[in-house]
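Report on the structure given below.
The values are calculated or read from the model by the stated rules, or taken from the named source; none is laboratory data. None of these values were measured; they are calculated from a predicted model. Cβ coordinates were reconstructed from backbone atoms using ideal geometry, including for glycine residues, and neighbour counts include every protein chain displayed. Keep in mind that these areas ignore ligands, DNA and RNA; they rest on the heavy atoms of the full protein, side chains included. Shrake-Rupley method; radii C 1.70, N 1.55, O 1.52, S 1.80 Å.
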Amino acid sequence: MRRRHDPARPLPSEITPSERYYNRREIMASLAALGAVGMGPASAGAASARLKFARNPQLSLNEAPNSLEDITTYNNFYEFGTEKDDPAKRSQKFRARPWTVKISGEAARTGTYELDDLLRPHALEERIYRLRCVEAWSMVVPWVGFPLGDLLKRFEPNSRAKYVAFKTVLRPSEMPGQRFPVLDWPYVEGLRIDEAMHPLTLVAVGLYGQTLPNQNGAPLRLVVPWKYGFKGIKSIVEIRFTEKQPPTSWNLSAPHEYGFYANVNPSVDHPRWSQASERRIGAALFAPRRNTLPFNGYAEQVAALYRGLDLRKHY
Amino acid sequence: MAAPVTATRRATSRFRADKPLTFLLCTLPLAWLTARAFAVAGLSLGPNPVEALIHGLGSWGLRLLLITLCVRPLAVLLRQPRLMRLRRMLGLFAFTYLVLHFLSWFVIDRALDLAGILPDIAKRPYITVGFTALLLLVPLAVTSTDRWMRRLGRRWHTLHRLVYPAALLGCLHFLWLVKADWREPALYLVLFTVLMGWRWRQRPRRRAGIAPALSPRGA
């Protein structure tokens, strides 16, 4: 039932926040352009470019995403400060370009890669995921990215690669939060290899159709929707395949409160607060809390990964 | 003849401005939170309004409680006994903010679910501690009137020493709920410790008979 298009009046699809129907060449071009643009002092920090991607409705929620403003002004990214609005306010000096990622450990192909070389082979998709923070709030985010497994396979991990460890960039000059040891910087995270290879596990390079803002983990971050948000390590500079379970920042900081697995689980409380329910960001003041779902609602896809594992012990 | 009168009037008017001014200052955080809650002039409580409200009320309640504890040291150190006149108002404002802090949690966040909050109060240490602090302040607010002061006499001072454990528990409540950044609650704990240290040092001097010039004692 589409009406004739009057060029003076844009279609609703043209004014949606996420531009969706670009072709792949354009996104490569815009990424390359961003590499150049990012060098200029005026655009440092705020540089954002449209991405070309395809929607993935099968792996997207049917819920309305949070507004871009909510997603980009309410962040836990302690490298920029511990207040929720610190990352948006204090990440302007951060330079997400040029960027390299070091791949190391138990894999055939290791080395340091330019970001563009790393991303080039991967078609981007938009997935609308729920994000559940360990602090008992949640959001719905339209990420743009690709499965982490597709990236990892390119480096041909060997049979000793049981885990994947990640590291955030350490740049106190651009990340003011790193000048005080709130956590033991740099931030490190890890996944079991089967979790890392799971099709839901995403490398995100954008949200709402644009490249990631600095406060959301530019230029690339991890998104593991069935785990608490702190597993989603941001601004990744190193990926290492390991045989032993790697250390993770929050677990090092408070081992009895934050485990390696950190699967969203309403029946295992944080020692200090309940995880049974959550508050949806962007909801009205008097909106009720929502019940938290096992594995953040992704139980059907991921519960099998943990068969036989005591989730109380391995929180 | 005219000059001294004017001087007296001036002194009197300055003398009387302190209470309304304190009152006004104490209402500012509440006014700010209210304006944001009701979207006055495009203001808002941000992406997580419930948290902003609860934390805003709690933080200001604790700050005002600590400011209340600063009154006597400041009055003595600055030789401004008049400051003591402000202490009751500051304490009652602290109590008001902390009651609103509790109510915003109970009514808005927990939707009046009494059966739900009781286990939380009982088993979550930071809530237990915070709730205890609030309970300790209730008798102090109730007995804050002149009539109660007269009625209780010396026991009033003894009773009102409950403000010290209340303030300590308030600081612990804050310290206990932060995830990793303990700087702000630690600052409050240090301030509390300094204030208590000052009081400790004052004690033997009073016993020795060199009582401070100020009449209201205790807190």
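Annotations
- Surrounding net charge for residue A:218, when Lys and Arg each add one and Asp and Glu each subtract one, Cβ distance under 10 Å: +4
- The residues of chain B present an accessible area of 57 Å² per residue when probed at 1.4 Å with all protein chains retained.
- Per-residue HN-Hα couplings for the stretch A:153-164 [Karplus 6.51, -1.76, 1.60; θ = phi - 60°; Hz; x = Gly/Pro]: 4, 4, 9, 6, x, 8, 6, 7, 6, 8, 9, 10
- For peptide B:17-29, the mean count of partner chain Cβ atoms within 10 Å of a residue's Cβ comes to 0.
- Normalising the average separation of contacting C-alpha pairs (under 8 angstrom, six or more residues apart) by the number of residues puts the relative contact order of chain A at 19 percent.
- Cβ neighbours within 10 Å from other chains - mean over B:40-48: 4
- C-alpha long axis of helix B:114-123 to longest principal axis of chain B, angle in °: 70
- Centre separation in Å (Cα based) which lies between the stretch A:292-313 and the stretch A:149-193: 23
- For residue A:315, neighbours were defined as the other residues whose beta-carbon sits under 12 Å from its Cβ, and their charges (Lys and Arg +1, Asp and Glu -1) total 0.
- Residue A:180/residue B:150 FRET efficiency (R0 56 Å; Cβ-Cβ; nearest 0.05): 0.65
- Sequence-distant contacts, meaning Cα pairs under 8 Å at least 6 residues apart, place the relative contact order of the stretch B:6-143 at 20 percent.
- When both the stretch B:30-63 and the stretch A:209-255 are represented by their alpha-carbon centers, they are found 31 Å apart.
- Acute angle (nearest 10 degrees) that the helix B:87-103 long axis makes with the longest principal axis of chain B, alpha-carbon atoms: 10
- Net charge, residue B:112 excluded, C-beta distance under 15 Å - Lys, Arg +1, Asp, Glu -1: -1
- Once the 1.4 Å probe is applied to the protein heavy atoms, chain A comes out at 45 Å² accessible per residue.
- Largest accessible area first, the listed residues B:83, B:98, A:68 line up as A:68, B:83, B:98 when surface is computed with a 1.4 Å probe on the assembled protein chains.
- Once backbone amide H atoms are built at 1.01 Å from N, residue A:55 has A:126 as its partners under 5 Å, excluding neighbours fewer than 5 places away on the same chain.
- Ranking of A:162, A:227, A:234 by solvent-accessible surface, largest first: A:162, A:234, A:227 (1.4 Å probe, protein heavy atoms only, all chains present).
- Farthest toward the positive end of the dipole of chain B, out of B:76, B:30, B:173, is the Cα of B:76, where the dipole comes from beta carbon charges about the Cα centre.
- Only helices enter the 222 nm calculation for the protein assembly as shown: every DSSP H run of n ≥ 4 contributes -39,500 (n - 2.57), and dividing by all residues gives -12500 deg cm²/dmol, rounded to 500.
- Qualifying aspartates and glutamates (Cα of each under 17 Å from Cα of residue A:93; at least 8 residues distant if same chain): A:79, A:85, A:174
- According to the calculation over all Cα-Cα pairs in the stretch A:12-306, the P(r) per 5 Å bin from zero is 1, 5, 12, 17, 19, 19, 15, 8, 3, 1, 0 %.
- Helix B:163-177 vs. chain B, principal-axis angle (Cα, 0 to 90°, nearest 10): 30
- For the stretch B:21-84, the set of trypsin sites (Lys or Arg not before Pro) satisfying both a DSSP loop assignment and a count of at most 14 other C-beta atoms within 10 Å is given as B:79.
- Sparse packing (at most 16 other Cβ atoms within 10 Å of the Cβ) combined with a DSSP loop state is found for the following GluC sites (Glu not before Pro) in the stretch A:193-289: A:243, A:257.
- Across A:84/A:153; A:102/A:227; A:52/A:84; A:234/B:179; A:162/B:179, pairs whose alpha-carbon gap is larger than 27 Å: A:84/A:153; A:52/A:84; A:162/B:179
- Accessible-area value, residue A:256, 1.4 Å probe, nucleic acids and ligands omitted, Å²: 120
- Our Cα-only numbers for the stretch A:212-294 put the radius of gyration and Dmax at 15.2, 48 Å.
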